[in-house]
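Before any comments, here is the structure.
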Amino acid sequence: MRRTFTSLLRRLTSSGWRDIATAPFDCAIELAVIDTERHSLGFPCLRHGDGWFDAATLAPVAVSATHWRYWQPDVLPISCC
């Protein structure tokens with residue numbers, strides 16, 4: 001079990017996931033909960049005070065996240081000019 005967790009943690013760290021204690025405040029980030037697998041929320045969140053908020057709606061998000069990475073939208077903004 002510990003070997004599996006260590007292997008998973010190594011893969012997550014190499015894919016941009018960082019320990020939740022280092023998450024920045026008031027910045028759009030993606031959260032993940034790691035048990036034996038990675039479960040990312042799939043939407044940007046903000047850390048504000050002691051809580052997490054949905055970056056789009058500012059609704060509180062009840063999650064015990066263990067890792068974070070900078071939010072990377074599926075579609076990048078573009079300009080027509």
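At a glance:
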quantity	calculated
Of the chymotrypsin sites (Phe, Trp or Tyr not before Pro) in the stretch 36-75, those whose Cβ has at most 15 other Cβ within 10 Å and which sit in DSSP loop	W71
Under 5 Å, built H, 5+ apart or other chain: amide partners of W52	V61
Under-5 Å amide H pairs with T66, H placed in peptide plane, nonlocal only	A32, V33, I34
Per-residue ³J(HN,Hα) for the stretch 52-60, Karplus 6.51 cos²θ - 1.76 cosθ + 1.60, θ = phi - 60°, Hz, x for Gly and Pro	10, 9, 5, 5, 7, 10, 6, 6, x
Derived scalar couplings ³J(HN,Hα) [the stretch 28-38; Karplus, 6.51 cos²θ - 1.76 cosθ + 1.60; whole Hz; x for Gly, Pro]	5, 9, 9, 9, 9, 10, 10, 10, 9, 9, 9
Other-chain or far-sequence residues with amide H under 5 Å of W71's (modelled H)	I29, E30
Inter-probe distance in nm under a simple model that places probes 7 Å from Cα toward Cβ, at V63 and L41	0.4
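Only the coordinates and a few stated rules stand behind these numbers; no lab work does. All values reported here derive from a predicted model rather than from experimental measurement. Reconstructed Cβ throughout: ideal geometry from the backbone, glycine too, with neighbour counts over all protein chains shown.
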